[in-house]
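Single-structure report; data block below.
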Amino acid sequence: MGSSSVESLLEKHAVVKWVVGVMIVGVSVLGIYASGPFGLWKRNGGSRRRNKKPIRVYMDGCFDMMHYGHCNALRQARALGDQLIVGVVSDDEIIANKGPPVTPLHERLIMVNAVKWVDEVIPEAPYAITEEFMKKLFDEYNIDYIIHGDDPCVLPDGTDAYAHAKKAGRYKQIKRTEGVSSTDIVGRMLLCVRERTITDSHNHSSLQRQFSNGRGQKFDEGVVASGTRVSHFLPTSRRIVQFSNGRSPGPDARIVYIDGAFDLFHAGHVEILRLARARGDFLLVGIHTDQTVSATRGLHRPIMSLHERSLSVLACRYVDEVIIGAPWEVSKDMITTFNISVVAHGTCAENTDFQKEQSNPYAVPISLGIFQVLDSPLDITTTTIIRRIVSNHEAYQKRNEKKGESEKKYYESKTHVSGD
């Protein structure tokens, strides 16, 4: 072979080595891109984003007689940011703008703090977002956006309480939960108060007999219940999933069970659930059916339906799981099925004489030595809430009328503006 042929082969060999080298370098670069910081950024939705400051959103409200509609609003608000800061309006501000609240500030703070989507709470927030308070939110609390539902929040003069936030371009809106409001719940009970004279004349003067559950039940004397508890809530599996934690107890978890009606979910309920959760690793809450509540608490209870009550309990940060429509008696089979370690009951409850009854619902857990009575931190029951409304029902009627007048002024102003 000639020298020229050898040189040609060497040149080709060098070219091949150069091409292979370029390919290796190229693959290496691609590997760095895929596995390095850029690759992580692409796969994980952006590591750079994790280094950014969290988006903090603010939502305020009275949160009086807090219900699942409030909780759903807070859930939606939390989804618009990374941290949810909630302002709870003071008693004085509520009185000035709406009328007397049913639940005082300290109870409302307990309720809001217990909602699992809430990160921080600002007590005694103003009813209207003034320029001064808005600046405080932006500068001191590092709020990025102010959130409210698509229903109008109207001041007594008919103006929009969130006008300044909208003008600043820092306002975001969520969808209002249809079918429930604090005004609606108060209205359900007040309608019954108007017919108290009818029930009194038929020996139904006890407080429980003043409220109809709206299922067409009849009194003993044949007087038909007026059907004042009208719930427009339509439960869906999607809504239940949205409120659920989606977690299961571990194999060695200490599961605590507590049951009840949890009607008009209030601060007393929250506090006993907090104590029950502290007795184990996983809190399972049994919620009795409407029929069971009616049979044990009176024909005109519950005020809230089973699914309404279930969502309120599910929104509580101390609750891990619920049994929707739990049996009245805690059986051995139930304890085994759910691997229950402790059955708890509070000292402050609608039914405290259960051990005197012929069929004690807690007979089995008592016999197994797993029944525990917890000292209730608050002396509040559902009857307590109802008594507050009944004793001051005229003020609450005026409150409902006042809200209607404010909203009328708001819509009239909108119509006037659009006409121009």
(request) Read through the list (1) touching a strand residue (DSSP E or B) at 6+ places or on another chain (Cβ under 8 Å); (2) surrounded by 14 or more Cβ atoms within 10 Å (Cβ to Cβ), then give the number of the only condition that ALA168 fails. (result) (1)
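Inside the stretch 275-372, counting only strands (runs of 3 or more DSSP E) that do not spill past its ends, which hold 2 or more residues that are within 25 Å of the chain's Cα centre (by Cα) and free of Cβ contacts under 8 Å to residues at least 60 places away in the same chain?
On the way: elements: 282-288, 321-326, 340-346.
Those strands (runs of 3 or more DSSP E) span 282-288, 321-326.
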(request) Give just the number: which of (1) surrounded by 18 or more Cβ atoms within 10 Å (Cβ to Cβ); (2) in a loop (DSSP other than H, G, I, E, B) does GLY87 not satisfy? (result) (2)
(message) Within the stretch 260-268, does at least one residue satisfy the condition of being under 13 Å from ILE340 (Cα atoms) and in a loop (DSSP other than H, G, I, E, B)?
(response) no
(request) Hey, can you tell me all the residues within the stretch 82-97 that are within 24 Å of VAL57 (Cβ to Cβ) and touching a helix residue (DSSP H, G or I) at 6+ places or on another chain (Cβ under 7 Å)? (result) LEU84, VAL86, VAL88, SER90
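No value in this document is a laboratory result; all are computed from the given coordinates. Just so it is clear, the structure is predicted and the values come from calculations on it, not from any experiment. Cβ sites come from the backbone with ideal geometry, for glycine too, and all protein chains shown count toward neighbours.
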